[in-house]
Amino acid sequence: MYQQQQQNNSTDTARNASKLGMVIVQAWAATVEVFLHRSFGQRYLGVAGAVGIMVVLAFSMVWPGFNLAPLMLFLGVFVVMCARARLESWRECRRGIVQHSYYNGYPRLMRFLPTWNEVSVKRFVEPCLTFFLAMILMPVNPPLGCYLVVAACCLAGTNSTYDQWNRMQALEMNDAVITQRQIAGKFRELQGHWNWN
């Protein structure tokens, strides 16, 4: 009994650590998504925005002796962009534009890439653009450059995870439709069997 309880506790601990890790990765990605996207869901930048502020502040502690002014400027502009995005979401809601409340925004780059789909822009173009910008900034300001390298990885990771989750949800829905068709067929078969006319 004690061994089973201990095993359950370690499983819960691992699950909670995984959730915390995903929240941090999502928040890190959100710190650059506010610059890359528009039309966020109403709730997307709530927790992600608050944790994003903590991520930037915690990351800055790793760089003693370096010029942190560009990273702090980035943080200030991030907070302003979060407020702007929240206001924009509120306005869209008032105009009757309805979308998922945790939607991570529509890519601004889509207007320059009309043949690309949203998922591809989020998974490939935005992380590559962020990484390219990070490489340019790295010699000028290593803290900001390194921060953006990690942000590019987080962007790629979160958007790949979202895409995979959406695919799994679509497969679940497809399986449910197939199952319901099979059940309906059996039901019709039974109805025909019981119909003595």
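Any read-out appearing in this document is the output of simple, stated calculations on the displayed coordinates, not a laboratory observation. Everything numeric in this text was worked out from a predicted model, so none of it was measured. Neighbour counts are summed over all protein chains in view; Cβ atoms, including those assigned to glycine, are modelled from backbone coordinates with ideal geometry.
The alpha carbon radius of gyration of the stretch 89-172, expressed as a multiple of 2.2 N^0.38 Å, is 1.32.
Of the options Tyr102, Ala14, Val125, report the single residue whose Cα projects farthest towards the positive end of the charge dipole of the stretch 1-132 (beta-carbon charges: Lys, Arg +1; Asp, Glu -1). The residue sitting most towards the positive pole is Tyr102.
Restrict the search to the stretch 43-94; then list the trypsin sites (Lys or Arg not before Pro) that DSSP places in a loop and that have at most 15 other Cβ atoms within 10 Å of their Cβ. Loop-located and lightly packed - Arg43. Taken along the Cα-to-beta-carbon direction at a fixed 7 Å, the label points for Asn16 and Tyr103 span 3.5 nm. Assuming charge only on the beta carbon of Lys and Arg (+1) and of Asp and Glu (-1), the dipole of the chain about its Cα centre is about 480 debye to the nearest 20. Build a GNM of the chain with springs between Cα atoms under 10 Å apart, and of Pro143, Pro70, Pro114 the one that fluctuates most is Pro114.
Distance between the C-alpha centres of the stretch 117-169 and the stretch 39-63: 15 Å, rounded to the whole angstrom.
From the P(r) of the stretch 2-156, can you give the percent of Cα pairs sitting at distances over 18 Å?
Details: 7521 of 11935 pairs.
Of all Cα-Cα distances in the stretch 2-156, 63 percent exceed 18 Å.
Secondary-structure-derived ellipticity at 222 nm for the chain, considering helices only, amounts to -26000 deg cm²/dmol, per-run term -39500 (n - 2.57) for DSSP H runs with n ≥ 4. Which of Ala151, Ala184, Ala17 moves most in a GNM of the chain, Cα contacts under 10 Å? Comparing Ala151, Ala184, Ala17 in the GNM, the peak value goes to Ala184. Relative contact order, whole percent, for the chain stands at 25, derived from Cα pairs under 8 Å and 6 or more residues apart. Fewest-first ordering of Thr161, Thr31, Thr130, Thr13 by other beta carbons within 10 Å of each residue's beta carbon gives Thr13, Thr161, Thr130, Thr31.
Once the piece of chain linking Leu190 and Cys128 is laid out straight, how much longer is it, given 0.36 nm per residue of separation minus the C-alpha distance between them?
Stretched out fully, the Leu190 to Cys128 stretch lengthens by 16.6 nm.
Ranking of Leu155, Leu20, Leu148 by neighbouring Cβ atoms within 10 Å, starting from the fewest: Leu20, Leu148, Leu155.
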